[in-house]
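The values are calculated or read from the model by the stated rules, or taken from the named source; none is laboratory data. Only a predicted model underlies this, so the values are computations on that prediction, with no experimental measurement involved. Glycine gets a Cβ as well: all are built from the backbone with ideal geometry, and neighbour counts include every protein chain shown. Accessible surface is based on the protein model in full, side chains and every heavy atom, while ligands, DNA and RNA are left aside. Shrake-Rupley method; radii C 1.70, N 1.55, O 1.52, S 1.80 Å.
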Number of protein chains: 2
Amino acid sequence: MAEALPAVLASPAARIVIIGPGLMGGSVAKALRTVAGFAGRIHVVIKSDGEGRAVQKATYAERLPGQKSRKSKLVSACFSQLGPAVDGADLVLVATPPQTIPEIFQALIEQLPPQTTVTEIASVKGEIAVLGKALFGQRYVGSHPLVGSEQQGFHGAKATLFRAARCVLTPTGKGDDQTCVFLRRFWSALGCEILEMSPEEHDARLAKTSHLPHLLAYAYMAFLGQSDPAALQFLGGGGLRDFSRIAASDPALWREILQENRRHLHADLSRFRAVLDNLDHALMEEDPSILQGILVQGQAARAQFQFPPLLKS
Amino acid sequence: MAEALPAVLASPAARIVIIGPGLMGGSVAKALRTVAGFAGRIHVVIKSDGEGRAVQKATYAERLPGQKSRKSKLVSACFSQLGPAVDGADLVLVATPPQTIPEIFQALIEQLPPQTTVTEIASVKGEIAVLGKALFGQRYVGSHPLVGSEQQGFHGAKATLFRAARCVLTPTGKGDDQTCVFLRRFWSALGCEILEMSPEEHDARLAKTSHLPHLLAYAYMAFLGQSDPAALQFLGGGGLRDFSRIAASDPALWREILQENRRHLHADLSRFRAVLDNLDHALMEEDPSILQGILVQGQAARAQFQFPPLLKS
């Protein structure tokens, strides 16, 4: 069951600031509006180009279902500068691409009210977690809702994105327990199941469960692209469609994630290649039991994983 | 648009024999019963154990929606021997695991009426196509509906499995044009879009679009299985779920497919590993443009693929 929102966020005076309301940040805004008891303000901070215009339009056009009053808008106010946006903020959520976060953190620290909690949703914590802790101390804990999509931008945002999803929190234990409790209740209210681990554990584990599959899907599709794709393009069934879906993700975003986590990824890649070498050797063996053994291992490992259910959108 | 059934199959005297009515063969039976104008007999040939019992039960219990007469059964008759099953057959469809097909072909040739068309739905053609041509001559052309599922057995069979799917036919041009036209109309009537290529081209292309992704998905899951899965098992989001779905497929079946196509697969694996090596090097470079270039290639290649739509089941 979802936990209730932290008391401070259940007040009409609550102020949540989303920096970078794209697919993820936009979904947080939409999901928040469906949480019973949330009647606070949602501020978004945007760049004034492209995506920004779409959000600004949404700010003024998008109303909650069945409501017409001015107060029922999805987004309470839209800013292009941090100062006025974060004034009086209870929670600042940074939802921009990972490599922009350090600069935003540096700008934030100059403007942040003393009571504000800070989190971000980067897929790799690494330097971001170190910097967050250094700048914001116990008011910062990282978040990572495991709900990526190959889609981009606010137009893909959905109120249901976090339902039955998992969200990793990355406390360090250095006095950030209260922040962790706060964020646990925040994400739980949006529908997430919460897992806690250190930023280092997060990066090591996500390298295996998310970053390596993305790397392999991109590598596989790059291989297909070098293999006469015109002759192959009608041969994609459901297996290929699903296996390669994540290779449709934004290359610029994933370049940042993969590079940021390259120390773990490089080590995992060499372990993966050892399995691939064994499989290649087994393929050429006359004894089929070796090949079968590796396939059985793979199938058995997958059966151990518990995936979130597919939800209707 | 679907083509009409071949005239001979549109007759009430039509007789279609499905050897091995599991997920695929069972779905052919169910789909056939939804084809306007099909009023023929469907014979299934089963082994008398396990799966066989399920099908026998279905034979007597499963009736078409809204019908109660004896003639409205899904399957007209259930055999455990080839001879009586194929007596008077217009079409024999072999839907058993690839490595059982040569033996079935050898048994079939002794019993087959002279007018019967023969096809099979193996995922690798190789020796099967050579043997089929040698035994049945121009009456044989291979089929491969691109509709695999990680599920197994008759209980997973669905009448809609072939809707909007692709089906590869593998004619050799050696007098089998009429057989190809016959099978084109058969699969088209079930809902498939038809592609034709030689058995050799089929195996070379499917190695890239289907067999290599399966091999990589199994290898990746075997890698995860060696990497403390207990610590990882709650970290699977939608990306991991979809990327690894095909690794839930039957290892015995896929061991046969991969081994049967190992010559192409081994060559493709070494090309794939060259891409992976480049990606690994790019990961460690300071210049992000090399890594980004490979990811962009992968994303662009995927955008060239046209996948069948997701259908509601």
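Structure values in brief
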| quantity | calculated |
| --- | --- |
| Accessible-area value, B:THR100, 1.4 Å probe, nucleic acids and ligands omitted, Å² | 50 Å² |
| Gain on full stretching of the segment that runs from B:ARG271 to B:SER198 - 0.36 nm per residue minus C-alpha separation | 24.0 nm |
| Nm distances between copies for B:VAL181, ranked from closest, using label points 7 Å along Cα→Cβ | 8.0 |
| Translational diffusion coefficient (Stokes-Einstein; Kirkwood radius from C-alpha pairs) of chain A at 20 °C, 1.002 mPa s, in µm²/s | 101 µm²/s |
| Those GluC sites (Glu not before Pro) in the range B:72-172 that DSSP places in a loop and that have at most 11 other beta carbons within 10 Å | B:GLU110 |
| Reciprocal mean inverse distance between Cα atoms of the range B:133-232 - Kirkwood radius, Å | 15.9 Å |
| Counting all C-alpha pairs of the range B:249-299, share separated by more than 15 Å (%) | 60 percent |
| Whole-Hz couplings from phi, Karplus 6.51/-1.76/1.60, listed for the range B:285-294; x for Gly and Pro | 6, 6, 6, x, 5, 6, 4, 4, x, 5 |
| Cysteines without a disulfide-compatible neighbour (Cβ-Cβ under 4.7 Å), chain A | A:CYS78, A:CYS180 |
| Cα pair distances in the range B:203-304, grouped into 10 Å bins until the bin that holds the longest one, percent each | 13, 35, 38, 13, 1 |
| Alpha-carbon centroid distance for the pair the range A:227-294 / the range B:199-235, whole angstrom | 6 Å |
| Highest-MSF residue in chain B out of B:ALA157, B:ALA189, B:ALA252 [GNM, Cα springs under 10 Å] | B:ALA252 |
| B:TRP187, A:TRP254, reordered so the largest accessible area comes first (probe 1.4 Å) | A:TRP254, B:TRP187 |
| Most mobile of B:ARG241, B:ARG255, B:ARG15 in a GNM of chain B (Cα contacts under 10 Å) | B:ARG241 |
| B:SER48-B:GLN138 FRET efficiency (beta carbon distance; Förster radius 35 Å; 0.05 resolution) | 0.55 |
| Residue-averaged 222 nm ellipticity for chain A, from DSSP H runs of 4+ at -39500 (n - 2.57), nearest 500 | -14000 deg cm²/dmol |
| Sequence of A:LYS174, B:LYS30 from largest to smallest accessible area, 1.4 Å probe | A:LYS174, B:LYS30 |
| Gaussian network model of chain B, Cα within-10 Å springs - most flexible of B:PRO12, B:PRO145, B:PRO21 | B:PRO12 |
| Computed over the protein assembly as shown, Kirkwood Rh from alpha-carbon pairs, angstrom | 26.9 Å |
| Size of electric dipole in the range B:203-304: Cβ of Lys, Arg +1 and of Asp, Glu -1, about Cα centre, debye, nearest 20 | 420 debye |
| Chain B, closest residue to the rotation axis toward A, by beta-carbon, whole angstrom | B:ASP242, 2 |
| Shortest-first distances to equivalent copies, position A:ALA303, nm, label 7 Å out along Cβ | 4.1 |
| Nonlocal amide H pairs with B:GLU196, under 5 Å, H built at 1.01 Å | B:LEU169 |
